[in-house]
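Remarks on the structure that follows.
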Amino acid sequence: MPGFPTQDFVALAPVGILTLGAIVLLLSEVFLVSGRRGYQATLTVAFAAAAAIAAVSLPAPGSLFGRQAVADNFSAFVTAIICGGLALSALVGESWLEARNAERGEFYALAMFGAAGMALLGMATDLLVAFISIEVMSLSTYSLAAYLRRGRRPAEAAFKYLVLGAVSSALVLYGSALLFGATGSTLFSDLPKGQGSPLYLAGIALVAGGVAFKVAAVPFHTWTPDVYEGAPTPVTAFMAAGVKTAAFALLARLFLSAESGSAATATPLGGVLSALAVLTMIFGNLIALPQRSVKRMLAYSSIAHAGYLLVGVVSAAVAGAREKALAGILFYLAAYSATAIGAFAVVGAIERRARGDDEPADAWDLARFAGLARRRPALAFAMTVFLLSLAGIPPTAGFFGKLYIFKAAVGAGLYGLAVLGVLTSALGAFYYLRVVVYMYMQPAEAEGEVLASPAMSVALAAAVLLVVVLGIGAEPVIRLAQAASAILL
């Protein structure tokens, strides 16, 4: 075993802080004598903040552990997004779980273990390190999906996620083995050595398919609607933000390493990702149109947003557009994380609850949002901000996220992808604004119970603030994203 300098381990401080926080919360359950667990969400937020501060403030030494991982501005930006998503999800989870008498330290510990795997995935530059990180992330999210284990929906969601996730992991592992056979290495930087060989083509296709599952790209999206709908709502929010951020960080590193110096659509992998982007944008938006379940609609919306991000990944392969595309991806991930968590938080606040662990069939129906502006004007305003951002309407963060992605596509000469992205965004505006119409223009069928707590209010206020600030003050953030992207290039 070769010796590694101390700075390699210091660079993993964000991952270590998240892991330590998970262990602390698990041990706190052993000595807990009171049923009150409100402090656990606060501890999760504190550890997430500490990990984010460590990521952005510690010196970035570059390659770690024999080039198997890297600590740079790109990984620091990704870790900060993941930690922010973890903190917001924990605040949402505190209220949601307390209302169901299901708040336990295991929930927050699993979330922090999952975030540690996501952060490590954003640093991975080796196929085996990436596989291990994916498994740490996935095992945590599998467990979180089934957290309300006596409910039918969570159990079904976790089972589907586990089975399809196992297939995804098998694709990544087998593809890594083929790539090792083609290049004699598992490092991303050595992948171009095998270009053109049958082993390389088969291996990169399998790895890309496994990662496409994690980002919910069509046709690898089949798990997303059922899992997002069946999992506890705070878990859905965390998955929508964290898993997507980590998986796209991996895909960007992998794609740039494997296709360095090539035109976006001049290679088999570039062509495949372009096709996936087209299918994902079209399918995600079309299937979201008829959905009456707002939670399921947001699940299909997440698929559509994966398509827009894939446009950014493909654009990053063109030399003249790389920095803008990567910066757009980072900005988009930050904007989408705040927006998605906020939208799912509102869904969790008003969803109809059953006496048991399972949610009734109409828990997330559009009718639950009817007249919300008269009953809970602040909640309706927050949901409107999130929906406008998801639709890409200025001056929200979502508008600038799409603007930077599509500008990068135009700069890369991918006019067809850019035009399709704009058209499908216009299509998506219909089902987002339909919820706004229900909130402000439809009479309420019943008063309905609304979950309101200080933690939920803080989470929603923070999410709204982020969406607005990232929209109005997008330029400073995009400059930070460009600096992070320059390191990667």
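The values are calculated or read from the model by the stated rules, or taken from the named source; none is laboratory data. As the structure is a computational prediction, the values presented were derived from the model and not from experiment. Reconstructed Cβ throughout: ideal geometry from the backbone, glycine too, with neighbour counts over all protein chains shown.
In the set Val464, Val477, Val468, only one residue is under 20 Å from the mean Cα position of the chain (by Cα), touching a residue at least 40 places away in the same chain (Cβ under 8 Å) and surrounded by fewer than 17 Cβ atoms within 10 Å (Cβ to Cβ); that residue is Val468. The C-beta contact set for segment 223-245 (first residue on the phi > 0 side of the Ramachandran plot, second residue crowded, with 24+ Cβ neighbours inside 10 Å and among the small types (Gly, Ala, Ser), distance under 9 angstrom, 6+ apart or interchain) is empty.
Scanning segment 220-244 for residues that are basic (Lys, Arg) and under 17 Å from Leu139 (Cβ atoms) gives no hits. Considered as a group, the residues in segment 77-92 that are small (Gly, Ala, Ser) and touching a Gly at 6+ places or on another chain (Cβ under 9 Å) include one that is farthest from Ala55 (Cα to Cα), and that residue is Ser89.
Name the helices (runs of 4 or more DSSP H) wholly within segment 364-414 that hold at least 2 residues that are under 21 Å from Gly284 (Cα atoms), out of contact with any Pro (no Cβ under 7 Å at 6 or more places or on another chain) and among the aliphatic types (A, V, I, L, M)? Outline the logic, then answer.
Details: elements: 372-375, 377-391, 397-411.
The helices (runs of 4 or more DSSP H) meeting that bar are 377-391, 397-411.
Report yes if Gly421 is surrounded by 16 or more Cβ atoms within 10 Å (Cβ to Cβ) and touching a Leu at 6+ places or on another chain (Cβ under 7 Å), otherwise no. Before you say what the answer is, go through the steps one by one.
Details: surrounded by 16 or more Cβ atoms within 10 Å (Cβ to Cβ): yes; touching a Leu at 6+ places or on another chain (Cβ under 7 Å): no.
Here the answer is no, as Gly421 does not meet what is asked.
Any residue in segment 282-300 that is in contact (Cβ under 8 Å) with a residue 24 or more places away in the chain, touching a strand residue (DSSP E or B) at 6+ places or on another chain (Cβ under 9 Å), of a type in the set (D, E, K, R) and within 21 Å of Ala349 (Cα to Cα)? Yes, the conditions are met somewhere in segment 282-300. Within segment 87-101, does at least one residue satisfy the condition of being over 25 Å from Leu128 (Cα atoms), at pLDDT below 90, of a type in the set (S, T, N, Q) and in contact with a Leu (Cβ under 9 Å, 6 or more places away or on another chain)? Yes, some residue in segment 87-101 is over 25 Å from Leu128 (Cα atoms), at pLDDT below 90, of a type in the set (S, T, N, Q) and in contact with a Leu (Cβ under 9 Å, 6 or more places away or on another chain). Ala240 falls short on exactly one of the conditions (1) under 30 Å from Ser185 (Cα atoms); (2) surrounded by 24 or more Cβ atoms within 10 Å (Cβ to Cβ); (3) not hydroxyl-bearing (Ser, Thr, Tyr), and that condition is (1). When we screen Ser301, Ser293 for residues that are buried (at least 23 other Cβ atoms within 10 Å of the Cβ) and more than 30 Å from Pro192 (Cβ to Cβ), the only hit is Ser301. All conditions in (1) modelled with pLDDT of 85 or more; (2) surrounded by fewer than 21 Cβ atoms within 10 Å (Cβ to Cβ) hold for Gly35, with the sole exception of (1). Could you say whether any residue in segment 127-137 is modelled with pLDDT of 90 or more, among the small types (Gly, Ala, Ser) and in a helix (DSSP H, G or I)? The answer is yes, given that some residue of segment 127-137 is modelled with pLDDT of 90 or more, among the small types (Gly, Ala, Ser) and in a helix (DSSP H, G or I).
When segment 389-399 is filtered for residues that are buried (at least 23 other Cβ atoms within 10 Å of the Cβ) and over 18 Å from the mean Cα position of the chain (by Cα), only Thr396 remains.
Kindly provide the set of residues from segment 170-186 that are under 26 Å from the mean Cα position of the chain (by Cα) and buried (at least 17 other Cβ atoms within 10 Å of the Cβ), ordered by number. Lay out the reasoning, then the answer.
Restricting attention to segment 170-186, the residues satisfying the condition of being under 26 Å from the mean Cα position of the chain (by Cα) are 170-176, 186.
Leu171, Val172, Leu173, Gly175, Ser176, Thr186, listed by residue number.
All of Ala455, Ala444, Ala418, Ala382 fail the test of being touching a residue at least 12 places away in the same chain (Cβ under 8 Å) and within 27 Å of Phe74 (Cα to Cα), apart from Ala418.
Sort through Ala41, Ala51, Ala55, Ala11 and tell me the only one that's surrounded by 24 or more Cβ atoms within 10 Å (Cβ to Cβ), under 22 Å from Met137 (Cβ atoms), modelled with pLDDT of 80 or more and touching a strand residue (DSSP E or B) at 6+ places or on another chain (Cβ under 8 Å). Break it down into steps so the answer makes sense when it comes.
Values: Ala41 fails: touching a strand residue (DSSP E or B) at 6+ places or on another chain (Cβ under 8 Å); Ala51 fails: touching a strand residue (DSSP E or B) at 6+ places or on another chain (Cβ under 8 Å); Ala55 fails: touching a strand residue (DSSP E or B) at 6+ places or on another chain (Cβ under 8 Å).
After ruling out the rest, the residue left standing is Ala11.
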